[in-house]
1. The range 48-84 to the range 6-39: how many Å between their Cα centroids?
2. Which of (1) 1.02; (2) 0.95; (3) 1.15 is the computed Rg/Rh (Cα atoms, Kirkwood Rh) for the structure on display?
3. Any idea what the relative contact order of the chain is, in percent, if you count C-alpha pairs under 8 Å spaced at least 6 apart?
4. What percentage of the solvent-accessible surface of the chain, computed with a 1.4 Å probe over protein heavy atoms, is contributed by carbon and sulfur atoms?
5. Please give the per residue accessible area of the chain, computed with a probe of 1.4 Å over protein heavy atoms only, in Å².
Amino acid sequence: MDPGTLQLLLLLAFGLLLLFFGFPLFRFLVVLGGAAVGFAYGPSLLTALTARPVEPWMALAAALVAAVVLGLLAWLAYWAVVFLWGAGIGFQLAAGATDAVLLALLAAVVLGILAVIFQRVMIVLLTAFSGAWFTVTAGAGLLGFVDAPAVRFDYPAPWVLVVVTVLAAVGVVAQFRRSGPA
């Protein structure tokens, strides 16, 4: 199996998880994302701090320590992550619809604030939309509709928007049924 197909299969699996289990998995995914960033950049940070190359065991230790620290920070900064995620989606959607940067920034702030105020509803909506987008993107790549699917929100084909919207609606219903009353 070539690496591109493996990446698409992983994106498809992640998309389906977000689509149908986004709300209950969200806090775990926030911590996992923080740990992944720490693990990826820990060795580079150690190299930058020491200003010299480090031994492989030191790089691994730095990766593990940074993963734990950033995972813990992500747990503690949960509300900031919710805001930033809402803001990121708002900015991408507005930037894809218009060239006005100020409008995109305003959409980012508004969606970020809404994500914090209406946490459960917004997390369900955003995870369902993100999961649908990743699922459709990976599916289109695996089925050969596109050569190298880009996970972008700007200027998609009309059929992509229809499929993502329908799939996101299914994900929203499934998540609300699964998570019970607010």
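The values are calculated or read from the model by the stated rules, or taken from the named source; none is laboratory data. A quick note: this is a predicted structure, and the numbers were derived from the prediction, not measured. Accessible surface areas use protein heavy atoms only, side chains included; no ligands, DNA or RNA. Shrake-Rupley method; radii C 1.70, N 1.55, O 1.52, S 1.80 Å.
1. The range 48-84 and the range 6-39 have Cα centres spaced 18 Å from each other.
2. (1)
3. Dividing the mean separation by the residue count of the chain yields 30 percent.
4. 77 percent
5. 59 Å²
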